[in-house]
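The values are calculated or read from the model by the stated rules, or taken from the named source; none is laboratory data. Note that the structure is predicted; figures quoted are calculated from it, not measured. Please note: Cβ atoms are built from the backbone with ideal geometry, for glycine as well, and neighbour counts cover all protein chains shown.
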Amino acid sequence: MRVLVTGGAGYIGSHTVLALAAAGHEVVVVDDFSNAKPAAITRLEELAGRSVPVHAFDLTDAARTDELFATEQLDAVIHFAAFKAVGESVRKPAAYYRNNLDSTLSLVEAMQRHDVSRFVFSSSATVYGEQAPVPYSEDYGFLSSSSPYGQTKVMNERILSDVAAVTEGWKVALLRYFNPVGAHPSGRIGEDPQGVPNNLMPFLAQVAVGRREKLTIFGGDYPTADGTCERDYIHVDDLAEGHVAALEHLDAMSEPVRAFNLGTGTGTSVLQLLHAFERAVGHDLPYEIGPRRPGDLPAYWADPSRAHAELGWRATRTIDDMCADTWRWQSQNPQGYPED
Ligand code: UDP
């Protein structure tokens, strides 16, 4: 297929472009580079051994989006492009709703006009809210999220479900990610957060490379085995392969919309991840236990059985693989991608 990957220069997008190319698909990227660097594309092209066409614009521009579909022959869309910082979304809700909803609506309308009917959406485990039983199952029906960021995922899932229900031929996969970490084993592409990382793994990686003094663990008194929060960390290359599996499954879907958890099914605590990262680096890393971060849940992980049964996909990479690959990327690129 010829696949439009929105946000294809970003962390998960770039790894998915590579997985698509490896599976024999053609890729067209759209990215406005507001939170990604052009160097990611150069490196992708090196790794894929072919050029990747890139359109640099903001998808909230509906006219530009329509023009793209008028000029490129496309079979499917994988939509990653979005604002993604939970804390920032609390401070700037209007910007998050505007950006994350308008971009999807531009795509949906352009796809309807140009008869493109395959859609894979980048959703998140945050849609399960605070009450869902663990492990999280796709059958849970009361989707909600405490942050505006998470709420844009809930609303986008709803928009796509409503559109697919009434648009002939539409097939939509809603992929609910757990905690993506790791990097391509080449060390050439990886996660490159701007400013202070919000997420645990990139923060740990920056401590290890000397950019941050120490890790602060947000809470050591949770009702878990070691008192720190447990999450379902998934290697970004497993996640990328999950997108390819979902894309290739769309035509066989009996319903217009289907949600799939992409996780491993196992919880790992903050302390366990820290110690795994120390093994990858080869020495201890400085840390302290600080106060809880507002909004964090004690422990959750995926029930990944639907993705295995229906997509034939399961995560295969271990926590040690995730740490080793993150460390290779971070140590080879201590400041992230070069500016160019
Ligand atoms: N965390 C931490 N220190 C940090 C960043 C994160 O202790 O500097 C913890 C956080 O409280 C959570 C886990 O690491 O329990 C994963 O956090 P992250 O932000 O990576 O993902 P989230 O839980 O928001 O999906």
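Residue-by-condition table, conditions (1) among the basic types (K, R); (2) within 30 Å of G24 (Cβ to Cβ):
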| residue | (1), (2) |
| --- | --- |
| A85 | no, no |
| K92 | yes, no |
| N100 | no, no |
| R118 | yes, yes |
| F121 | no, yes |
| S137 | no, no |
| F142 | no, no |
| P148 | no, no |
| Q151 | no, no |
**Prompt:** Is it the case that region 226-233 has a residue that's among the basic types (K, R) and in contact with a His (Cβ under 9 Å, 6 or more places away or on another chain)?
**Reply:** no
**Request:** Identify the residue in region 121-178 that is of a type in the set (K, R) and crowded, with 20+ Cβ neighbours inside 10 Å and, among all such residues, is farthest from N261 (Cα to Cα).
**Result:** K171
**Message:** Name the residue that is farthest from the ligand (Cβ to nearest atom), counting only residues in region 277-300 that are free of Cβ contacts under 8 Å to residues at least 60 places away in the same chain and more than 30 Å from P148 (Cα to Cα).
**Reply:** G282
**Which numbered condition R98 fails, given (1) without any contact (Cβ under 8 Å) to a residue 12 or more places away in the chain; (2) more than 26 Å from E248 (Cβ to Cβ)** = (1)
**Asked** Which residues, taken from region 66-86, are in a helix (DSSP H, G or I) and either closer than 24 Å to H15 by Cβ or under 17 Å from the mean Cα position of the chain (by Cα) (or both)?
**Response** L68, V86
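Go through the residues of region 101-116 one by one and say whether even a single one is under 18 Å from the mean Cα position of the chain (by Cα) and surrounded by fewer than 22 Cβ atoms within 10 Å (Cβ to Cβ).
Restricting attention to region 101-116, the residues satisfying the condition of being under 18 Å from the mean Cα position of the chain (by Cα) are 101, 103-104.
Filter once more, keeping what is surrounded by fewer than 22 Cβ atoms within 10 Å (Cβ to Cβ): 101.
For region 101-116, residues under 18 Å from the mean Cα position of the chain (by Cα) and surrounded by fewer than 22 Cβ atoms within 10 Å (Cβ to Cβ): present.
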**Filtered residue count, region 256-300, keeping only those that are surrounded by fewer than 17 Cβ atoms within 10 Å (Cβ to Cβ) and at positive phi** = 2
**Message:** Could you go through region 313-323 and let me know if any residue there is part of a loop (DSSP other than H, G, I, E, B), among the acidic types (D, E), surrounded by 14 or more Cβ atoms within 10 Å (Cβ to Cβ) and in contact (Cβ under 8 Å) with a residue 12 or more places away in the chain.
**Reply:** no
**Prompt:** For region 41-63, what are the residues that are buried (at least 18 other Cβ atoms within 10 Å of the Cβ), of a type outside the set (A, V, I, L, M, F, W, C) and over 21 Å from P338 (Cβ atoms)?
**Reply:** H55, T60
**Item:** Residue ID - nearest to L297 (Cα to Cα), chosen from residues in region 198-218 that are assigned to a helix (DSSP H, G or I), aliphatic (A, V, I, L, M) and near the ligand (Cβ under 10 Å from one of its atoms)
**Value:** L200
**Prompt:** Do we find that L239 is within 25 Å of H25 (Cβ to Cβ), among the aliphatic types (A, V, I, L, M) and away from the ligand (no atom under 15 Å from the Cβ) in this structure?
**Reply:** no
**Prompt:** Any idea which residue in region 242-273 is nearest to S123 (Cα to Cα), counting only those that are within 16 Å of the ligand (Cβ to nearest atom) and hydrophobic (A, V, I, L, M, F, W, C)?
**Reply:** L262
**Fill in**
Those residues of region 21-40 that are buried (at least 24 other Cβ atoms within 10 Å of the Cβ) and not in a strand (DSSP E or B) come to a total of 2
**Asked** Does at least one position in region 159-172 carry a residue that is more than 30 Å from R43 (Cα to Cα) and at pLDDT below 95?
**Response** yes
